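A quick write-up on the structure given underneath.
The values are calculated or read from the model by the stated rules, or taken from the named source; none is laboratory data. The structure displayed is predicted, hence computed values, not measured ones. All Cβ positions, glycine included, derive from the backbone under ideal geometry; neighbour counts span all protein chains shown. Areas reflect the complete protein model, heavy atoms only, side chains present, ligands, DNA and RNA absent. Shrake-Rupley method; radii C 1.70, N 1.55, O 1.52, S 1.80 Å.
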Amino acid sequence: MTVLPRPGDSDHREVHPVRRTIHFGAGPEWSLSQLGATAAAMGGVLVYLASLSLAAGGFDVVWWSLVLLPLMTMVWAGSAAPLFYWGLLLYGWFTLTAAGSFSWWSLPAAAGCVIGHAATALSASSPPAGSFTGRTARRWVRHTAAAFLAAVPVAVLAGLLAGRSIPLSPTAYVVGLLGVSVGVWLVRTNPPIERE
């Protein structure tokens, strides 16, 4: 916030908003916005794991410890660490659920995945002590909602095809991979452009 000088004032000072930060030991200071983004990422992982547990009929308690991964890797939000733990979580879905099965729990799992990824990407867009404006947060919520809404028709289509004996040819896999590639390119992780 900048205070404009009144006519006749010779002292032009800028007043900056006070940011509350938390300091954990010898590490960097963290803003409440960054801690909120980390909590949202942990919430996304929790929703994903709860959905996985319901779809798989339960799993070993060690998997629940993965909820803490966003907290342990928040320093590396802009690195490949989130990619590795989401890769591990997705690997868990394919190994813990029955091969060829479909569960409607995949829809809330997709929501958890999108929220966890978006929160980590938002966290990576600012330094640890930086905060986000309400406008930035609303923009990221809109992008996250649009990404989740894309999962709904995919889940409906998968639900309709589940249980049918339709052999998938290699062409279907290539088409699916191209679709995913185009989708990733369209919603790449560059921060959304500010619009005036």
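Cβ-Cβ under 7 Å, sequence separation 6+ or interchain: first residue in segment 94-105 and of a type in the set (S, T, Y), partner assigned to a helix (DSSP H, G or I) and open to solvent by 70 Å² or more (accessible area, probe 1.4 Å). Which pairs? Partner pairs satisfying both residue conditions: none exist. Checked against the criterion of being among the hydrophobic types (A, V, I, L, M, F, W, C) and surrounded by fewer than 17 Cβ atoms within 10 Å (Cβ to Cβ), segment 108-123 has no qualifying residue.
So that you can scan it fast, the table gives a plain yes or no per residue for (1) among the β-branched types (V, I, T); (2) under 28 Å from T133 (Cα atoms); (3) touching a helix residue (DSSP H, G or I) at 6+ places or on another chain (Cβ under 7 Å); (4) modelled with pLDDT under 90:
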residue: P28; (1), (2), (3), (4): no, yes, no, yes
residue: G36; (1), (2), (3), (4): no, yes, no, yes
residue: G43; (1), (2), (3), (4): no, yes, yes, no
residue: V61; (1), (2), (3), (4): yes, no, no, yes
residue: M72; (1), (2), (3), (4): no, yes, no, yes
residue: L83; (1), (2), (3), (4): no, yes, no, yes
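Meeting the requirement of 1 or more residues that are among the aliphatic types (A, V, I, L, M), at pLDDT 85 or above and in contact with a Gly (Cβ under 8 Å, 6 or more places away or on another chain), the helices (runs of 4 or more DSSP H) wholly within segment 85-196 are 106-124. Within segment 48-95, being open to solvent by 30 Å² or more (accessible area, probe 1.4 Å) and under 13 Å from S123 (Cβ atoms) holds for L71, V75, W76, G78, S79. The set of residues in segment 26-67 being part of a loop (DSSP other than H, G, I, E, B) and in contact with a Pro (Cβ under 7 Å, 6 or more places away or on another chain) consists of P28 alone.
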